[in-house]
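Heads up, the thing below is written out as structure tokens.
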């Protein structure tokens, strides 16, 4: 039974077993999202699996919420919301106001926020590149990349995060950010072109952004 069939069953009222199967089906994708969004200061205290377990328990209590909004948002985006809401609670519990100051709050269904900070994106981007560069050169590259990312609009950084690191589709990205699909697509490719130029100045030609989602 595919996810679409399972989601129909969930809407019709067959909750516990179906929800568990759907969560399992999306677990790998959700794990990558949590790993990307989690504040580095939290990694030594909380495992990604713990976040997902707490989110699953929360989802079991809120299935009716999904049924009420299933015509407006996909099940995966609803589940992603639950997971990131739980992650936000953990950030606030363990890091206090520092989590808010660092712009680590997650977006609610369709509101763009300054989630994808230049620091987070720079760390992720440099982490995808293998280079013999020494520590000093790498740190300089990181600062240059952070500065360049910091000049981008926050919504463009978020589009990059959603498309490139969370691997959301263009339609999912548009839904979350309250953009038309054409506007979301245009923002993504514009941001990619700008960032690709920056990365090539730092590391030379790279295929990091050759992959896109439909």
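The values are calculated or read from the model by the stated rules, or taken from the named source; none is laboratory data. This is a predicted model, so every value here is computed, not measured. Cβ coordinates were reconstructed from backbone atoms using ideal geometry, including for glycine residues, and neighbour counts include every protein chain displayed.
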Taking the stretch 169-210 and keeping residues at pLDDT below 75, outside any helix (DSSP H, G or I) and either in contact with a helix residue (DSSP H, G or I) (Cβ under 8 Å, 6 or more places away or on another chain) or on the phi > 0 side of the Ramachandran plot (or both) leaves 204, 206, 208, 209
Taking only the stretch 129-139 into account, find how many residues are in contact with a helix residue (DSSP H, G or I) (Cβ under 9 Å, 6 or more places away or on another chain) and either modelled with pLDDT of 65 or more or not assigned by TED's automatic domain parsing to the domain that holds residue 195 (or both). 1
Could you figure out which of (1) in contact (Cβ under 8 Å) with a residue 12 or more places away in the chain; (2) within 18 Å of the chain's Cα centre (by Cα) isn't true of residue 190? (2)
Is it true that residue 81 is surrounded by 13 or more Cβ atoms within 10 Å (Cβ to Cβ), under 30 Å from residue 5 (Cβ atoms) and either at pLDDT below 85 or assigned by TED's automatic domain parsing to the domain that holds residue 168 (or both)? no
Would a scan of the stretch 157-165 turn up a residue that is in the same structural domain as residue 125 (by TED's automatic domain parsing), part of a helix (DSSP H, G or I) and either modelled with pLDDT of 95 or more or on the phi > 0 side of the Ramachandran plot (or both)? no
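Let me confirm something: among 58, 54, 28, which residue is within 23 Å of residue 170 (Cβ to Cβ) and assigned to a helix (DSSP H, G or I)? Before the answer, list the steps.
On the way: 58 fails: within 23 Å of residue 170 (Cβ to Cβ); 54 fails: within 23 Å of residue 170 (Cβ to Cβ).
Only one candidate passes the filter, namely 28.
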Taking residue 46 as meeting all but one of (1) surrounded by fewer than 16 Cβ atoms within 10 Å (Cβ to Cβ); (2) over 12 Å from residue 75 (Cβ atoms), write down the number of the exception. (1)
